[in-house]
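Since the structure comes first, as structure tokens, the remarks are kept for the end.
Computed from the coordinates by the stated procedures, all read-outs in this text should not be read as laboratory data. Predicted, not measured: the structure shown is a model, and the values here were computed from it. Reconstructed Cβ throughout: ideal geometry from the backbone, glycine too, with neighbour counts over all protein chains shown.
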Amino acid sequence: MNRIPAIKAVMTPFPYSIAEGETMRRAAEMMAQHGIHHLPVIDGGGLVGVVATREIELARRAGFVGKDDRPLTVADLRTDRACVVDLEEPLDNVLLRMVEHATDCALVLRQGRLAGIFTLTDVLHRYAETLRRDNPPQGDDAA
């Protein structure tokens, strides 16, 4: 019988992060450079939220600049609605908490410090692997 893994077994460890004082442009550059869609946001060494490509793109399309015509910063765009979980949390609980928070990202902490990230993309990869493992092809599916 299979056991439900802890989030630490399926998360992306040691995620890239960004300081909340950085510009929107720098966040977008980091995401593009590393092929990611979420950046945990750090302030003074502590986790304060997450910024996603979605927020950056919406701000860009709307033509927003920052207050007093300064560039938008990560602090202007970040959300603190992120689902924050412990490294040992069972995966099923993390998934349910992501639904409860209406978010596509869970930030994983170890002793209060950022240890990993788990996104909707990770969920979909894991689900596809499970489907393939549990349902091997059985020949031609032609109608």
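Side notes on the structure shown:
- Rounded to the nearest 500, the helix-only mean residue ellipticity at 222 nm of the chain stands at -10500 deg cm²/dmol, with each DSSP H run of n ≥ 4 adding -39,500 (n - 2.57).
- Semi-axis lengths, Å, the chain, gyration tensor of Cα atoms, sqrt of 5 times eigenvalues: 33, 20, 12
- Peptides 36-42, 54-60 ordered by packing proxy, namely the average of other Cβ atoms within 10 Å per residue, highest first: 36-42, 54-60.
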